[in-house]
Structures are given as C-alpha cells and as structure tokens.
Amino acid sequence: MSQQDLQIQGGTVAACAPVQGRSEPVARAPATHRPHGAAVDASGIVKRYGDRDVLQNVDLRIEPGEFVSIVGRSGCGKSTLLRLLAGLETATSGRISLDGDDAQLHRQDIRIMFQDARLLPWKRVLDNVALGLPGAEGRERAAEALAQVGLADRAKEWPAVLSGGQRQRVALARALVHAPRLLLLDEPLGALDALTRIEMHRLIESLWQRHGFTALLVTHDVAESVALADRVVLIEDHRIALDQRVDLPRPRHRNPAFAAYEEQILNRVLQQPEGEVAPDWVPETTAAHALRWAV
Amino acid sequence: MSRTSSSPSERFFSRPWIQASLPWVFPVFVLAAWQVSSQAGWLSTRVLPEPWAVVKAFWALTVSGEIWTHVATSTWRALVGFAIGGGLGLALGLLTGTFRSAETLLDSTLQMIRNIPALALIPLVILWFGIDETAKLFLVALGVFFPVYLNTFHGIRSVDKGLIEMARSYGLSGWPLYRQVILPGAMASILVGVRFSLGLMWVLLIVAETISAQAGIGYMTMNAREFLQTDVVLVGILLYALLGKLADVAAKGLERWWLRWHPGYQPQPKT
C-alpha cells in the first residue's frame, strides 16, 4: 500500500515539474505543435428516448488536454452525454466532433472507464489490460501500463481476487494502454470507499498530467470534480446550467479556496427546486471535517 | 462436565481415519449381510448372486479379455454419439444464441422435437436404420443434443451486456469479440449442458444396446440374462455405474480447467 502510494506521489511530482502553468488556463497550451489531447466539440446535442427528452440542445467545447467534469443529479442526462461522446449511443440530433472531424472516425482515440470496472473475469489482469492489442508487444505495453497504476505485481491474478479499487486501477491501465486522446470517465469511483477515492484522484491526476489526454469525468460528487477538473459543468433539466472554471493550483488541497469553489457549485446545484428529476433526494449530513457532498 | 471438553466417544469419532471410514460403514455392512444371506441360502442366486460370485465373474471376464471388447465397443458408441449430438447442439446453440433470425427460424422447431422422448423413437429408428450401429449412435446423439443446445443458447444470451459493450468500445468485433468475450462468458452454462449430456449418454446407450447388439455392455448383460448368469448381469450394471462416474469426473475436470477464473472453482486460500 505505502509502496504504491509512493509510486503515485512520485509520478505526480515528476509529471508536475514541466507543467507548472497548468493552474493558469491561459498558459496551458502544450509545448508540442500537435497536442496529444483531442479538442472536443459537441453542438446542438439532443437525445430523446421515445417522447422523453434526456438532453435538450447541449453545447460543450473542451480544449485539448483539458480536464472537464460534469455534475448533476441522477437522471439529469450526464451519463447519456458521456455515452454519446463515447459512441455507445447515437444522438437524436446534433454533431460531435473531435479535432474538427466526426467523432465516429476517431473511435480508437476515445476510451471510456465505466462505473463498474468491467474486467473480463476469465482473463488474467495482464490480458485484461492487453485487450484489443495484438501479440507480445501488446502484452509489453500492457505490463507498462499496469506498472503505471502500481499493479505490476498483480499481473498474473484473476480479476475476482482484486479489491474494488484495484479493479478500477486495472480498468484505468486498460484505457491508458491505448494512448487515448480523449478519456471518458463514467463515475468510475462511485463505488469506492473515501480513502481509495482520494488515492484514485491522485493517480488519475498524475496520469492525466503525464499523458496530456483530454479528460471528461462524470460524477455526482462535487468535491471530486473540484479536486480534479479545470472546469465543472452542471447539467440540469437536460441542459447545461453552469460552466465554472476552477483556478486552483495542482495538486489541490482541501483549503478554504477549494471549499469556496465546492460551496459555490453546490449552492448552485441546490438552488434548483427538487422536481421530478430526483424526488427522493436527501442532503447528506456528514461530519464537518470530512465535508463531502453527494448530489 | 463442561461443554467445551469433548467426551471420549466424541474424541474417538473425530480421529481422521475414523472420519474417512465412516461413510463406508453402511455399504460394507450391506455387502456383508448380502454375502451371508446368499451363503445361507436365504437369497436365491436367480434374484441376486453373492457378491463374491460377482467379483469372480468380473475376474473371469477380465482374464478372458471379453470384458474389454464390450467396454471398448460401448465407450466408442457413447463417445461418437456424444460427439455428433453434442457438436450439433453446440453449433446450433451458438447459431440461435447469436443471431435472432436463426432463433426465429429454428428455435420453435427444435423445442417441438425436444418434447418427444428420444426413446419413443426407437421403433422408427429401427425401421430407418435397422439394428446396426447407426441406430444406436442416432439415439445417443439425439438424446445428448438438447441439453447442450439449450444450455449453449441460454449461455450466449446471458453474457453480460456491459462486457460486450466495453469490448466493442475497445475495438473488438467479429471473431475476436466472440472468442474473447461471448464464448468464455457462455462457457459456464455450456459446461452444465455437457455434464448433463454425459449422464444422459449412458442411459440412452444402455437402452439402445439392450434392443439389439452383437457387442457392448448391454449385449453382454442381455446375453447373460438368457443363460441366467445374474453375476454377469451385475458386472454389467456395475460397469455402467463406473463409466457414468468416469464421465462425470471428466466433466468436472473440464469445468475446473475452463472455469478456473471463476471464484467458485478456485482453491480456497489458506488462512
């Protein structure tokens, strides 16, 4: 555990050094000509199931290498937006483009991490990570990716013996091994305990900084989005209701500035009277020192 | 006496060799009673031969080599019938499980045929194939077809949709998707069908061989019946039991190998 922790922090430090300017949105243009992260442009997205609207005319632009988080109450359509970007579903109308081209042409540049790790139980950990990669070279790259998430020593295990956090780390390695230019995270930490989540936040952040992919995180945890995202987008009543930039230096600590962002976004979320969207929603009462809100 | 300290008799029964031999106490007792009542003349040899006579008959058949011809013939029939029926069941199950159109086209027909007991077809089978090998293979193949077919179909249909969606989004499609995700996902169910079929295989073969045959365990027992050799009949019955058990052990072995990823088939970690 402590060894993995060290590895993660080591990665953060090493990756942080060249990109000190990340906290400043203006100075975050990457040094190379062709940025690794993809520019995402979704415009006029409408998604309808039967006569029920899930998304109404949603526009979302994401800069190359930016980390954007989508929050919202359950059933607001945030996961649907992510699935549309992943190409798992098709929009009723609207256009999704990656670097100006139709996103469908860039399917191999987009990888998604699901809420449940979705590891193949009949493949060993290493073979799960190497899924879709051919031959010995694929396994080599998979081993590298496993090492990056601190699980090199579990390569030969069956997924069934791993803990929930370890499974999600394997799923993260499986996504990263394809060197995605857009990584979609569909509440990947929702089922993990609080400490594992914080560990995963650090890991995801350090890998994002090292690889420079564009990241889109769907979550219902406002603190999680403030901890990770450059921009927090709120979806409410099937459309984007708030687009809040988070100007905090990384790695982020839970200081007063952090709490101010969290409270501001949370207040905005709570303004909305509880309608038919989430009738059984009850605010979580937690101890003040571990202030974590679920929306 | 306190509850924690065990009494002498409890201690006696908890010894390992006692524990291991306890399940055999009753069978040995029955065998002994059987032997004694046969020797005393209470039990006619026409009803049941004494156990010792069965052992002697088994030995005589082994020494003469006769038993091996019969076992080999029966095993060959069972395996060929199983390969044909099971193979077809697997192929059609994969087909109807994978393609909706194949299901609409074939499934209701197959379900109708399934409700006909295989043994009810014996008169027809004899008319079609006569009484040679084909008839026996046909009966075995028909009987083992359905368990494999139904379980394969069910297995393919119940593969986790989330895993398929994940694999597709990771660029898998066509045969790689089938081989790496769908087939392994259906394997647990397919093996249930195989195990069921292996049991059914011997039942059908016994019946098929007692109708008419020139070799095989069924032939041996029917022949022995004509000459009132109850000891040989019993040898035949015991052989079927043994071969059935062997088939089950083989099926379990397959499960342990193919489902070794499954928590239910992994050795318990030592704590």
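Values quoted throughout were computed directly from the atomic coordinates according to the rules given, and no laboratory measurement underlies them. Keep in mind that this is a model prediction, so the values were computed, not measured. Backbone-built Cβ (ideal geometry, glycine too); neighbour counts: all protein chains shown.
Given H placed 1.01 Å from N in the peptide plane, which residues other than close sequence neighbours of A:V54 have an amide H under 5 Å from its amide H?
A:K47, A:R48, A:Y49
Reachable aspartates and glutamates from A:K78, Cα under 15 Å, same-chain residues fewer than 8 places away excluded?
Cross-link targets: A:D53, A:D59, A:E89, A:D186, A:E187, A:D221, A:E236, A:D237, A:D243.
Can you classify the range A:128-212 as rounded, prolate or oblate using the Cα gyration tensor, where a ≥ b ≥ c are the square roots of its eigenvalues, rounded means a/c under 1.5, and otherwise it's prolate if a/b beats b/c and oblate if not?
Because a/c hits 1.5 or more and a/b fails to exceed b/c, the range A:128-212 counts as oblate.
What ³J(HN,Hα) values, in whole Hz, does the Karplus curve 6.51 cos²θ - 1.76 cosθ + 1.60 give for the range B:248-258 when θ = phi - 60°, with x put for Gly and Pro?
Coupling constants for the range B:248-258: 5, 4, 4, 5, 5, x, 4, 4, 5, 7, 6 Hz.
Rounded to the nearest 500, what is chain B's calculated 222 nm mean residue ellipticity when only DSSP H runs of at least 4 contribute -39500 (n - 2.57) each, over all residues?
-25500 deg cm²/dmol
According to the square roots a ≥ b ≥ c of the eigenvalues of the Cα gyration tensor, what is the shape class of the protein assembly as shown, taking rounded for a/c under 1.5, prolate for a/b larger than b/c otherwise, and oblate for the remainder? Walk me through the numbers on the way to the answer.
Values: a/c = 3.05, a/b = 2.17, b/c = 1.41.
It is prolate, given that a/c is not under 1.5 and a/b is the larger ratio.
Can you list which of the chymotrypsin sites (Phe, Trp or Tyr not before Pro) found in the range B:15-47 are DSSP loop residues with at most 15 other C-beta atoms within 10 Å?
Values: sites: B:W17, B:W24, B:F29, B:W34, B:W42; in loops: B:W42.
Answer in residue order: B:W42.
State the antiparallel share, in %, of DSSP beta bridges confined to the protein assembly as shown, rounding to the nearest 5.
55
Return the average number of partner chain Cβ atoms within 10 angstrom of each residue Cβ along peptide A:124-135.
2
For the range B:91-180, which GluC sites (Glu not before Pro) are in a loop by DSSP, counting at most 11 other Cβ atoms within 10 Å? It would help to have the intermediate numbers written out before the result.
Values: sites: B:E103, B:E133, B:E165; in loops: none.
Of the GluC sites (Glu not before Pro), not one in the loops of the range B:91-180 has a Cβ with at most 11 other Cβ atoms within 10 Å.
Please figure out what share of the DSSP beta bridges in the range A:144-282 is antiparallel and state it in percent, rounded to the nearest 5.
55
Classify the range B:54-258 from the C-alpha gyration tensor, please: rounded if a/c falls under 1.5, else prolate or oblate depending on whether a/b exceeds b/c. Don't skip to the end; give the middle numbers.
Working: a/c = 3.55, a/b = 1.98, b/c = 1.79.
Prolate.
In chain B, how many lysine pairs have Cα atoms under 27 Å apart, counting only pairs 8 or more places apart or on different chains?
Lysine pairs satisfying the spacing and distance rule in chain B number 4.
Which trypsin sites (Lys or Arg not before Pro) in the range A:121-170 sit in a loop by DSSP (not H, G, I, E or B) and have at most 10 other Cβ atoms within 10 Å of their own Cβ?
Taking the range A:121-170 and a limit of 10 other Cβ atoms within 10 Å, the loop trypsin sites (Lys or Arg not before Pro) found are A:K156.
Rounded to whole Hz and in sequence order, give me ³J(HN,Hα) for the range A:118-130 from the Karplus expression 6.51 cos²θ - 1.76 cosθ + 1.60, θ = phi - 60°, writing x for Gly and Pro.
Couplings: 6, 7, 6, x, 8, 10, 5, 3, 5, 5, 5, 5, 7 Hz.
From the phi of every residue in the range B:168-180, what ³J(HN,Hα) in whole Hz does the Karplus formula 6.51 cos²θ - 1.76 cosθ + 1.60 yield, where θ is phi - 60° and glycine or proline is x?
4, 6, 9, x, 8, 7, x, 4, x, 4, 5, 6, 8
Just tell me the longest site-free run in chain B, where the sites are trypsin sites (Lys or Arg not before Pro) in a DSSP loop having at most 11 other beta-carbon atoms within 10 Å.
Details: sites that count: B:R3, B:R46, B:K270.
The longest uninterrupted stretch comes out as B:47-269.
Please name whichever of B:Q111, B:T230, B:A60 sits farthest to the positive end of the charge dipole of the range B:54-258, dipole taken about the Cα centre and charges placed at Cβ: Lys and Arg +1, Asp and Glu -1.
Going by the Cα projections, it comes out as B:Q111.
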